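Everything on this sheet refers to the single structure shown next.
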Amino acid sequence: MTPKNATRSPMTARSEQMKTWLDSLGYRDYNLTPASEDASFRSYHRLQLDGQSFIVMDAPPEQEPCHQFIKVAETLRAGQLSAPEIIEQNQQEGFLLLTDFGGTDYLSALDDNTEAGLYADALAALLQMQARINSDDLPPYDEALLSREMDLFHDWFLQQLLGIDLSQSQTNRWLSIKQALVTNALEQPQVFVHRDYHSRNLMKIEGQNPGILDFQDAVQGPITYDLVSLLRDCYINWPVMRVEQLLHDYYDLALVNQLTDVDYEQFRRWFNLMGIQRHLKAIGIFSRLNIRDGKPGYLKDIPRTLAYIIQASADEKSMAELYALINELGLIDRVKSL
């Protein structure tokens with residue numbers, strides 16, 4: 001029995017709110033189960049009824065307003081890409097009813113036998129996004145946003161997770177590294193950027209593969225950003241030579257589609273430095289998810305992500321200071337115990 005003055009938990013109240021909305025749409029006698037969680041305040045539920053399956057997105061409006069998700073979904077579908085169709089919406093309360101792409105994401109489907117076909121599809125979809133979709137009305141991936149993202153590494157990983165305070169000399173070097181990475185991002189062709197184009201957000205589907213999810217944070221930004229997300233995925237690792245081959249394959253197609261006109265070495269440099277920016281951000285987010293949101297499962301992805309940063313910073317002369325700083329702070333040994 002609930003005490004008279006007790007308040008319902010937010011999750012219970014939210015679940016009841018969702019049920020009331022579904023009832024108002026005429027959905028009855030359905031089976032509702034968790035589909036997945038997000039690295040945010042969103043959650044997803046699979047609704048099964050009369051042999052059909054749908055996804056209910058629960059996005060509390062005070063934290064995760066739905067309007068941008070709806071806008072980008074419509075843009076992707078208009079560009080002949082596989083984004084979920086929005087069947088019903090309640091933006092005021094933060095609920096969407098979507099088509100269901102099933103339960104097989106790239107992360108669970110990828111292996112040595114499937115990799116070639118799945119990545120071919122993902123790269124083709126990426127080129128289509130960049131070549132066909134006008135990104136002028138999206139928020140810009142500007143200096144302020146790029147810098148703020150890298151600050152997550154300093155604030156949440158170094159300071160909060162590891163308890164490291166940089167000296168003044170180290171801080172000055174860090175600021176110089178950040179500025180070089182910002183400059184690299186802004187000098188690239190600016191295109192549609194999904195901003196989280198990786199194996200957990202791509203679904204293996206029949207027909208026009210892949211099904212694309214989690215696109216609500218799309219921006220107009222650097223051409224190599226989504227490519228780094230895909231090929232140097234924080235959740236799965238491929239041999240360096242295979243990544244290099246896929247990078248070159250993409251570059252050749254980008255030339256044909258007039259997305260860039262620089263030589264391959266310049267493009268590869270853009271890719272490496274863009275990867276450092278993204279992976280600094282990712283490590284900061286993984287740390288914040290553990291500390292602030294009580295989601296420790298992402299800590300296991302930090303060593304792989306840091307290894308990408310070390311690989312790229314060792315490869316690029318302009319990042320020698322970052323490579324030295326990582327070693328100076330002993331980060332390789334520190335992340336082994338996470």
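Confirm whether L280 is of a type in the set (A, V, I, L, M, F, W, C) and within 15 Å of the chain's Cα centre (by Cα). Taking the combined requirement at face value, the residue satisfies it. Return the residues of segment 132-175 that are hydrophobic (A, V, I, L, M, F, W, C), more than 18 Å from R334 (Cα to Cα) and touching a residue at least 24 places away in the same chain (Cβ under 8 Å); say none if nothing qualifies. Of everything in segment 132-175, those that are hydrophobic (A, V, I, L, M, F, W, C), more than 18 Å from R334 (Cα to Cα) and touching a residue at least 24 places away in the same chain (Cβ under 8 Å) turn out to be I133, L138, L145, L146, M150, W174.
Yes/no matrix, rows are residues, columns are (1) touching a residue at least 40 places away in the same chain (Cβ under 8 Å); (2) more than 14 Å from R232 (Cβ to Cβ):
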position: D293; (1), (2): no, yes
position: G297; (1), (2): no, yes
position: R304; (1), (2): yes, no
position: A312; (1), (2): yes, no
position: L322; (1), (2): yes, yes
position: E328; (1), (2): yes, yes
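When Q68, Q92 are screened for being surrounded by 15 or more Cβ atoms within 10 Å (Cβ to Cβ) and of a type outside the set (S, T, Y), only Q68 passes. Within segment 98-114, residues that are touching a residue at least 12 places away in the same chain (Cβ under 8 Å) reach partners that are of a type in the set (S, T, Y) and not in a helix (DSSP H, G or I) with beta carbons closer than 7 Å, at six or more positions or on different chains, in the pairs D100/S53; D105/S199; Y106/S199; L107/S199; L107/Y235; L110/S199.
Would you mention how many residues in segment 69-120 are in a loop (DSSP other than H, G, I, E, B), over 30 Å from S24 (Cβ atoms) and either in contact with a His (Cβ under 8 Å, 6 or more places away or on another chain) or aliphatic (A, V, I, L, M) (or both)? Working first, answer last.
Looking only at segment 69-120, we keep the residues that are in a loop (DSSP other than H, G, I, E, B), and these are 79-81, 83-85, 91-94, 100-104, 110-114.
Within this subset, residues satisfying the condition of being over 30 Å from S24 (Cβ atoms) are 79-81, 104, 110-114.
With the extra rule that they be either in contact with a His (Cβ under 8 Å, 6 or more places away or on another chain) or aliphatic (A, V, I, L, M) (or both), the set shrinks to 81, 110.
Number of matching residues: 2.
Considering segment 30-61, and only residues there that are at pLDDT 90 or above and of a type in the set (D, E, K, R), the residue that is farthest from D293 (Cα to Cα) turns out to be D50. Candidates are the residues of segment 219-241 that are hydroxyl-bearing (S, T, Y) and farther than 21 Å from K300 by Cβ; the one that is surrounded by the most Cβ atoms within 10 Å (Cβ to Cβ) is T224.
For Q89, only one of the following conditions fails: (1) more than 24 Å from R278 (Cβ to Cβ); (2) modelled with pLDDT under 95; (3) among the polar types (S, T, N, Q). What is its number? Going through the list (1) more than 24 Å from R278 (Cβ to Cβ); (2) modelled with pLDDT under 95; (3) among the polar types (S, T, N, Q), Q89 breaks only (2). For segment 39-68, a residue qualifies if it is part of a strand (DSSP E or B), of a type in the set (A, V, I, L, M, F, W, C) and out of contact with any strand residue (DSSP E or B) (no Cβ under 7 Å at 6 or more places or on another chain), and exactly one does: L49. Taking helices (runs of 4 or more DSSP H) that do not extend beyond segment 154-272, which have at least 2 residues that are β-branched (V, I, T)? Where helices (runs of 4 or more DSSP H) fall fully within segment 154-272 and carry at least 2 residues being β-branched (V, I, T), they are 168-186, 240-256.
Within segment 183-218, being surrounded by 19 or more Cβ atoms within 10 Å (Cβ to Cβ) and of a type in the set (V, I, T) holds for V191, V193, I212. Among residues of segment 267-302 being of a type in the set (S, T, N, Q) and more than 15 Å from M150 (Cα to Cα), the one that is surrounded by the most Cβ atoms within 10 Å (Cβ to Cβ) is N272.
Scanning segment 16-38 for residues that are β-branched (V, I, T) and not in a helix (DSSP H, G or I) returns a single hit, T33. For segment 191-203, check the following and say yes or no: at least one residue is within 23 Å of S82 (Cα to Cα) and basic (K, R). Among the residues of segment 191-203, at least one is within 23 Å of S82 (Cα to Cα) and basic (K, R), which makes the answer yes.
The values are calculated or read from the model by the stated rules, or taken from the named source; none is laboratory data. Given the structure is predicted, the values throughout are model-derived calculations rather than measurements. Here the Cβ is made from the backbone with ideal geometry for all residues, glycine too, and neighbour counts use every protein chain on show.
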